[in-house]
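Right, one structure below, let's go through it.
The values are calculated or read from the model by the stated rules, or taken from the named source; none is laboratory data. Predicted model only: the values in this text are computed from it and were never measured. A quick note on method: Cβ atoms are made from the backbone with ideal geometry, for glycine too, and the neighbour counts reach across all protein chains shown.
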Ligand SMILES: [Mn+2]
């Protein structure tokens, strides 16, 4: 992503800041796993959105007085010995290029800078990204910093940037949309490779390997989320991700997976019969889910309340399942369908945004993922696309996959050498 994107995002933020304020954002650090191992590092998404920096520990500070903003980035001091072990850390020039921030300092200067600011100037406001999912949520560096500031400088008003930046991120720029589109394209290609190699008796993780191969071949090193590759009954467990079962002849296989491309995520669900042919019953259920998915796509346009997609899905499924005699009254639907039909998609797979209140706006990307799960029949089906809200309607970013039962059967008959 070009530095202009991050410069624009900061400019937008600066307009919302009060004078006499200090803003601080943290890239974060990888969590400790065990012994000398850490969990993989992912930069704080709001930090990335404002700076373009993907390296751990880096800290961004902006001060605003008399309408003038001064920005600084604090990076690690180069350490030749650590570089022999872990590679070089980001240089001042690289940090400038990535972020468009001119003033690069070393992290060991941060404390004296902050102290100097609070000692010598009349600060009134502190801004930080204070995301917290619950009271017990482990404190992040920003929360610790804000807590210390509240103790040492109790006259400061502390403001949470999390909702502000979340709101910015709802509408995607054209560059962001292209990255999400590319993530979707690579994800779809990975799914095609699974279809082309599936065979009854394969382990779920073996099927998964065909997806992973395509991602790595295309330069994608990260997944959007842990891959769900679930056969038969496992497909009725919503977030099954052990992927250790066996796809037996006659089983449906449910995939819910995504490539992460340059920090933007794809998210597709796809269901197919491992033997290449749907049973009559599987076809009936699949068609209901597919018709629902198509109807939702048609509804996606600016101005429609996000919740209307859920209301529609519930009444559509309730009606259809009563028609085939699976349920007797709408209240029984929760036995077979029990999740939301859509979420925002972007830097986070379940992207930020206030789902309950919003109406869709142009530039938003949302998923469309109805599903039905019938444990007693070992039938789990979900169909998921990524959809861009355009000025006058929608564009499906993940189109091009075989989606009807006929298309899926034909695709497998034409491309799967293991079955023919
Ligand atoms: Mn999804």
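Of all residues in segment 374-402, those satisfying the criterion of being assigned to a loop (DSSP other than H, G, I, E, B), closer than 24 Å to residue 240 by Cα and within 16 Å of the ligand (Cβ to nearest atom) are 383, 398, 401.
Listed by position, the strands (runs of 3 or more DSSP E) inside segment 12-117 whose residues that are out of contact with any helix residue (DSSP H, G or I) (no Cβ under 6 Å at 6 or more places or on another chain) and touching a residue at least 12 places away in the same chain (Cβ under 8 Å) number at least 2 are 21-26, 59-65, 68-75, 104-106. Taking segment 141-203 as the region of interest, the helices (runs of 4 or more DSSP H) fully inside it that hold 2 or more residues being modelled with pLDDT under 95 are 141-152, 162-170. Against the condition within 25 Å of residue 57 (Cα to Cα), in a helix (DSSP H, G or I) and outside the structural domain of residue 240 (by TED's automatic domain parsing), how does residue 137 come out, does it pass? No.
Suppose we filter 339, 350 for residues that are at pLDDT below 95, part of a loop (DSSP other than H, G, I, E, B), surrounded by fewer than 17 Cβ atoms within 10 Å (Cβ to Cβ) and within 12 Å of the ligand (Cβ to nearest atom); which single one remains? Full working, then the answer.
Details: 339 fails: at pLDDT below 95.
Testing whether each residue is at pLDDT below 95, part of a loop (DSSP other than H, G, I, E, B), surrounded by fewer than 17 Cβ atoms within 10 Å (Cβ to Cβ) and within 12 Å of the ligand (Cβ to nearest atom) leaves just 350.
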